[in-house]
1. When you check B:CYS148 against the structure, is it more than 7 Å from chain A (Cβ to nearest Cβ), surrounded by 24 or more Cβ atoms within 10 Å (Cβ to Cβ) and part of a strand (DSSP E or B), yes or no?
2. Mind listing just one residue for me: the one in segment B:101-120 that is under 15 Å from B:ILE139 (Cβ atoms) and assigned to a strand (DSSP E or B) and, of those, nearest to the other protein chains (Cβ to nearest Cβ)?
3. Being open to solvent by 10 Å² or more (accessible area, probe 1.4 Å) and in contact with a helix residue (DSSP H, G or I) (Cβ under 7 Å, 6 or more places away or on another chain) is the filter here, so list the residues in segment A:92-101 that pass it.
4. (1) closer than 25 Å to A:THR105 by Cβ; (2) among the aliphatic types (A, V, I, L, M); (3) at pLDDT below 90: which one isn't true of B:VAL171, the others all being true?
5. Let me confirm something: among A:ILE280, A:ILE299, which residue is open to solvent by less than 30 Å² (accessible area, probe 1.4 Å), free of Cβ contacts under 8 Å to residues at least 40 places away in the same chain, touching a helix residue (DSSP H, G or I) at 6+ places or on another chain (Cβ under 6 Å) and hydrophobic (A, V, I, L, M, F, W, C)?
6. Give me the pairs: first residue in segment A:241-270 and within 8 Å of chain B (Cβ to nearest Cβ) and under 19 Å from B:TYR39 (Cα atoms), second residue of a type in the set (Phe, Trp, Tyr) and open to solvent by less than 20 Å² (accessible area, probe 1.4 Å), beta-carbon distance under 6 Å, and six or more apart or on different chains, which are they?
7. Just to check your reading of the model, which residue among A:GLU3, A:GLU72, A:GLU41 is modelled with pLDDT of 95 or more and within 19 Å of A:GLN160 (Cβ to Cβ)?
Amino acid sequence: MSEYSGILIYAQVTREDYIHTVFFELVDKAKELSKKLNGAEVNAVIFCRPGLTRTFTEAFQNKGVNKVYCFEDEKLANYSTDYYSKLLVDLVGVIKPEILLIGATNQGRDLAPRVSGALGTGLTADCIELDINEKGQLAATRPTFGGQLMATILCKTYPQMATVRPNVFKVNQQDCFVQTEIVSCPVNISYLKNNVEIVDFKKTIDTVINDLDSAEIIVAGGKGMKNEKGFELLKKFAGSIGATVAATRTAVEMGLAPQSIQVGQTGKTVKPRVYIACGISGAIQHTVGMSGSEHIIAINNDENAPIFDIADTGIVGDVFEILPAYLNYHG
Amino acid sequence: MKIALCIKQVPDTTDIKWTEHNTIQREGVESVINPYDTYAAELALNLKSQIEGSHITVFTMGPTQAESMLRKTMALGCDSAVLISDKKFAGSDTYATGLTISRAIRTVMPDFDLIVCGQFAVDGDTAQTGPAIANFLDIPQVTYVKDCIDCSDKNLTLTRELEDGIETVKVSTPALICVMKQDFETCRAKINGIISAAKKPVRICTMEDIGLTPEKTGIKGSPTYVSKAFRNVSTHNAKKYKMNTADSVQLLRETIEKHSGGCDE
């Protein structure tokens, strides 16, 4: 039997000093997994500036987090691959969790492989499902080959590490209060060098960009939107129904939209109530990021486009006729 | 600046075909250079043109067929190439792959200044191998690199395209960077580049050449393994409507209202 026990989850602190929602999604999932691991503890690790952890105490308690290992230091106010990975590796060496979960944000995807390499343990990236198998191992399922094939991956070493993208798991609205123990951890980094210095940060001005996670309606454009004018039309349409704009990789590569609003395998995963795919052929690389939407409307003039295979409502027609007409009637 | 450029040959995932048994048909599938690695190559070539006396060695890990991709990349202006190839590497996961590539770089190019990788590979899309290589070489990493705005042998100033904005960072060499899509034009091979690339040698590195043992690479050296693979099947039930524009607009309107719980006028 392994000496490793408990589930440790990385609580990412955003630049605005709140905890990234993917953490809470992971906690709820971990609570489920814990039931199959004889009630293993669900614990968190956080790196932040001094005094910040206690402001999250209520959130940790309501979510049923047993222990929070906190590393607080001015030097940890911003993410640093060097500091964070070193401290996380040291912590894992001491508390020996059987599972380590990290949100697959930009930061998580920078941190996780570094930590897995240093610990000499396996890591499964961008999982869409986590379960415990009959042997008590973490069974992590992830898409491969552009989302066309799903693979369930097991890990021979401990901790078993996995990253999961935001929005893949739903936050459970029911709370399960526990008295969270906050464990202050010593920050031994004086001998380390932070090799990457942040000299500037510009928040992306376009406000539609960061709304994808919480958007109720998303209007997404693909290659079929043809050019910038097409995307202008898309934005107008989105504006008229209070929707957020997204794009496929092809549209991003055509320079029609920024990478930050890309949905799909190499972009974001979204789950709005309504997803309106305009001029999107439905390559699996795209659909893997949006197929969890509650209702998918596809508008495409090619009735054989694969997008219709995953849509709930398929409208065969020209977006350049339908959207302007929509704006005329209802805009 | 001595640059190691890491690239990967991937199946053309836009053209996947299925067998009757829901497994991926591998025969006759075209292999292409991972698109993100072309951006990495562009950035490396850009750096080479800016810093005098620079040298780029291209590394790839894969079967011997990957040599043609190495030659194509040399034709763009890279100077030499290393094919990390051994049957014993088969089945490597990202951990074992990271270790293997890091050993090859350390063996062939111990005095490297910079390692340039693509941010993702489109077949696996784990975004792990770059940071794994950096870990094994104990050097700093900068992921999600959009552009290099200032460079010298000693320092690089890079922009990173992140979820919440654009971050500018400064890193000293040696370092590893993972590159996102670039704004500048894709490099094209020139005729004399293609001719000289055909003459350049491609060095082959086997497991023994880089000092690894079977326990450290391939299936045995991989902490993770695939327990099952299955096809991703959609659960949505498509209804397809082919109507005039007015009716399409009407349907669109009704569907949005019905499923969004009302929308703004």
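The values are calculated or read from the model by the stated rules, or taken from the named source; none is laboratory data. Not measured: the values here are computed from a predicted model. With ideal geometry, Cβ positions are generated from the backbone for all residues, glycine too; neighbour counts draw on all protein chains shown. These area figures cover heavy atoms from the full protein model, side chains too; ligands, DNA and RNA do not enter into them. Shrake-Rupley method; radii C 1.70, N 1.55, O 1.52, S 1.80 Å.
1. Details: more than 7 Å from chain A (Cβ to nearest Cβ): yes; surrounded by 24 or more Cβ atoms within 10 Å (Cβ to Cβ): no; part of a strand (DSSP E or B): yes.
Answer is no for this residue.
2. Among them, the one singled out is B:CYS117.
3. The first filter runs over segment A:92-101 and keeps only residues open to solvent by 10 Å² or more (accessible area, probe 1.4 Å), leaving A:93-96, A:98.
Listed by number, the list is empty, since nothing qualifies.
4. (3)
5. Values: A:ILE280 fails: free of Cβ contacts under 8 Å to residues at least 40 places away in the same chain.
Just a single option satisfies the conditions, and that option is A:ILE299.
6. A:THR266/B:PHE120
7. Details: A:GLU3 fails: modelled with pLDDT of 95 or more; A:GLU72 fails: within 19 Å of A:GLN160 (Cβ to Cβ).
Exactly one of A:GLU3, A:GLU72, A:GLU41 is modelled with pLDDT of 95 or more and within 19 Å of A:GLN160 (Cβ to Cβ), namely A:GLU41.
Residue-wise test of (1) at positive phi; (2) over 21 Å from the mean Cα position of the chain (by Cα).
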| site | (1), (2) |
| --- | --- |
| A:LYS236 | no, yes |
| A:ALA247 | no, no |
| A:ARG273 | no, no |
| A:GLY279 | yes, yes |
| A:GLY314 | no, yes |
